[in-house]
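One structure is given here, and the rest of the page talks about it.
Only the coordinates and a few stated rules stand behind these numbers; no lab work does. What you see is a predicted model; the values in this text were computed from it and never measured. Neighbour counts are summed over all protein chains in view; Cβ atoms, including those assigned to glycine, are modelled from backbone coordinates with ideal geometry.
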Amino acid sequence: MFEAHMVDAHVFRKIFEAAKELLEDASFDCTSDGLSLQAMDAIHVSLVAVQLRSEGFELYRCDRAMNMGFKVAGLLKILKCAGSKDSLTMRAEDNADKCSFIFESPNKDKVSQFDFSLTDIDQEHLQVPEQDYQVNIKMPSAEFSRICRDLANFGDTVQISCTKGQIQFAANGDLGTANIRLQEKNNVDDDGDKISIEVEEPLSLSFAVRYLNNFAKAQVLSDTVSLMLTPKTPMVVEYQIGDYGHIRFYLAPKIDDEEDEDASQSQTQNMKDEDED
Amino acid sequence: MFEAHMVDAHVFRKIFEAAKELLEDASFDCTSDGLSLQAMDAIHVSLVAVQLRSEGFELYRCDRAMNMGFKVAGLLKILKCAGSKDSLTMRAEDNADKCSFIFESPNKDKVSQFDFSLTDIDQEHLQVPEQDYQVNIKMPSAEFSRICRDLANFGDTVQISCTKGQIQFAANGDLGTANIRLQEKNNVDDDGDKISIEVEEPLSLSFAVRYLNNFAKAQVLSDTVSLMLTPKTPMVVEYQIGDYGHIRFYLAPKIDDEEDEDASQSQTQNMKDEDED
Amino acid sequence: MFEAHMVDAHVFRKIFEAAKELLEDASFDCTSDGLSLQAMDAIHVSLVAVQLRSEGFELYRCDRAMNMGFKVAGLLKILKCAGSKDSLTMRAEDNADKCSFIFESPNKDKVSQFDFSLTDIDQEHLQVPEQDYQVNIKMPSAEFSRICRDLANFGDTVQISCTKGQIQFAANGDLGTANIRLQEKNNVDDDGDKISIEVEEPLSLSFAVRYLNNFAKAQVLSDTVSLMLTPKTPMVVEYQIGDYGHIRFYLAPKIDDEEDEDASQSQTQNMKDEDED
């Protein structure tokens, strides 16, 4: 038996609103520790990983580790039925072919139950090693979305360059060149406005702006986004999900010259190797 | 000579916003008692009936009973020209081929007159007998809209089941099954939040959700909707229109087995017979 | 060297939002007096003229008169990147093939620089003589937009008729006839609500509503619009642009009978002649 109760049903909706551009299917691993999901997008360029710890839930019970596969489009149809103040209970029997989503209004005078058919999903698992990054940035998630959206007008690629106390996003194309610079900003009243830029060593990396734009949709989950960068390593874009955990997006930097390209391929290869081991 | 003046021109617009999905043409019967309109939708499944009593108007005059036919799309173009605080005067000579719609701003510094060509509309009249219903429900119109919209994701049919103090809307399809339960709710500050459920005898009836969704657009007219149900009888969905009257939608329940189908056909037949008599 | 700084970057965006339906290209004449732009729409029916005086800018420097040509669609993409409180600095070297647009947040912690490629634009210049008009109207720009939008439902042509203290907009077509009358309105608290109608001699002129609708988009620039009319002369629709200057749209009246048509053609011809002289 699996059962999990969260006070705000919209948290769950927002996770899939954020990931829907990247994921057609979602496969949750349910263990006594919590729910986790990991998937590469359709053309295997970026990786999405969601972690929801059992402690974040008001009630959490998972008698036996299990896996639940959903069609994301269908799941979203259900999650959109939640009222603005509804709670969510997920419930599934062991080895069941369906999972119940139950939305309850605060005083329980409206109770909506959706029994959603599960889907078998064939999902490979990448082992993403926890590591230290050369650059760690925390910034308002709305600002990150804005910059990605603005720069998408100028080119397919965004170059992110970091030096002490400063981050710069650049793009260029037929229209001309665009260059957006942010300064570290600590002394602000609202924590959500803060920009912190930790740079061990300056770097400059290029990314496909289309993916950043997709990641940026997770802005609905948190006022703040963290960017973690190291050369020749996939960038991490992370949004906290309340007290539950986080959603992380991984995207490898673009490579300019041939030598680097080999390096990147072998690096991606490494990620796969670890998984297959 | 026909003349009618209403303080809030938007009431008239909202009526046709609500009915536009169902009606291509509208034919108003004007008598000294007021304005009334009745029409079946294009494929003769549902019936719309509007009643605006003369007492509701600030000024009302109808020297001779007359009938005015409008193209609804054209009428809406005119009604959308009303300013947010404008009053509406409708005026037509006897046997005229046009009707004037006059919008006036509160201090009359803007006066817009639209002379709208009338259309001959061949409309059969059904006699809908007033009757008692086995179940009478009053609920927030926004909640009814929401439920119809949510369930339309799950299937073509909504099953409405009523027991003492509880109403349940259900649908199912490829996605799974959906089930929304509302409890009676009387002790609320805001009358618009109330849910009253009067059940003479429990029942369970099925309806085409597409039509309920169309009816639900009349939510703009009133915070509250009334649902009246009796087996083998068209359901009534009623919205009050201020002090003027109401708009009612009628929809026959879906029939499952053959025996019932015969019953329903003869019942629909009866409605027509009454009319032809 | 050309450099101009305006506190509110959105002013510049609004100008091109207003003109984008009419202009594909824009060619700014920069002199020590300020920036000006003049262009006919693609099919040479209406004329747009923008005037931004150097005094309106916080900082303005133009060492040598120069001309800068932009693709409007591209320019708008850049201008939309301005934050809601950003200032704008435009900067170009003499004879440069690009112009920099620099947006700065109030405390300069975000600085976005766009180097936009200039375009050679072949633009003929009409000399529009300053003149007195028989009718001068000032009215809320939102009201003018509303009327143009409403009347576009009724026909291609709007007839504007002015008598002492009153202006009337009329249209007719298949739907019927529409007629909107405004009275002079002076005693109002809010200056933006004022309607002033100065009529030397009554007149009645017809215009293509499609163009008026395009002009009316400039409503974002000012709460007030001025209409100036004289028979057989292009109408002027003018919006103030803060302390910088104004945007003006010119549109010749429609001609009904043959005799008048000749008159109009020769009059348009005159405008061109003046230019070619």
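Around the Cα centre of the range B:31-87, unit charges on the Cβ atoms of Lys, Arg, Asp and Glu (plus for the first two, minus for the last two) sum to a dipole of about 240 debye. Shortest first, B:ARG149 label-point distances to identical copies amount to 2.2, 2.2 nm, with the label point at 7 Å from Cα along Cα→Cβ.
Placing a pseudo-label 7 Å from each Cα along the Cα-to-Cβ vector at A:ASP191 and B:VAL220 gives an inter-label distance of 4.4 nm.
A label point on A:GLU201, set 7 Å along the Cα-to-Cβ line, lies at 8.5, 8.5 nm from each of its counterparts in the other copies, closest listed first.
If a/c stays under 1.5 just call it rounded; otherwise compare a/b with b/c (prolate if a/b is bigger, oblate if not). Do that for the protein assembly as shown, with a ≥ b ≥ c from the square roots of the Cα gyration tensor eigenvalues. Don't jump to the answer; show the numbers that get you there.
Values: a/c = 2.47, a/b = 1.00, b/c = 2.47.
Because a/c hits 1.5 or more and a/b fails to exceed b/c, the protein assembly as shown counts as oblate.
Put a plus charge on the Cβ of each Lys and Arg, a minus charge on the Cβ of each Asp and Glu, and nothing anywhere else: the dipole of the protein assembly as shown about its Cα centre is then about 1640 debye.
Selection among A:PRO253, A:VAL199, A:ALA170 by position relative to the dipole of the range A:135-268 gives A:ALA170 as farthest towards the positive end (Cβ unit charges, Cα centre). Projecting the Cα atoms of B:ILE15, C:SER105, C:ILE121 onto the charge dipole of the protein assembly as shown, computed from C-beta unit charges around the Cα centre, puts C:SER105 farthest toward the positive end.
Counting only pairs 8 or more residues apart or on different chains, how many lysine pairs in the range C:135-268 have their Cα atoms under 13 Å apart?
On the way: C:LYS138/C:LYS185; C:LYS138/C:LYS194; C:LYS164/C:LYS185; C:LYS185/C:LYS194; C:LYS232/C:LYS254.
Final tally of qualifying lysine pairs is 5.
Semi-axes of the equivalent ellipsoid of the range A:135-268 are 23, 17, 15 Å, computed as sqrt(5λ) over the eigenvalues of the C-alpha gyration tensor in descending order.
Just counting partner chain Cβ atoms within 10 Å, what average do the residues of peptide B:181-191 show around their Cβ? Present the calculation step by step, with values, prior to reporting the outcome.
Values: counts 7, 5, 6, 1, 4, 0, 0, 2, 0, 0, 0.
Partner Cβ neighbours, averaged per residue: 2.
Among chain B residues, the beta-carbon with the smallest distance to the axis carrying B onto A is reported, with distance in whole Å, as B:SER84, 16. How far is the Cα center of the range C:118-135 from the Cα center of the range B:164-212, in Å? The distance from the Cα centre of the range C:118-135 to that of the range B:164-212 comes to 66 Å.
Per-residue ellipticity at 222 nm computed for chain A from its helices equals -6000 deg cm²/dmol, with DSSP H segments shorter than 4 residues left out and the rest contributing -39,500 (n - 2.57).
Highest mean packing comes first when the peptides B:99-107, A:74-82, C:59-67 are listed by Cβ atoms within 10 Å, giving A:74-82, B:99-107, C:59-67. Annotation for B:SER84, label-to-label distances across the other copies: 1.9, 1.9 nm (shortest first, one decimal, point 7 Å from Cα along Cα→Cβ). Dipole size of the range B:91-159 about its Cα centre, with +1 on Lys/Arg Cβ and -1 on Asp/Glu Cβ: approximately 520 debye, rounded to the nearest 20.
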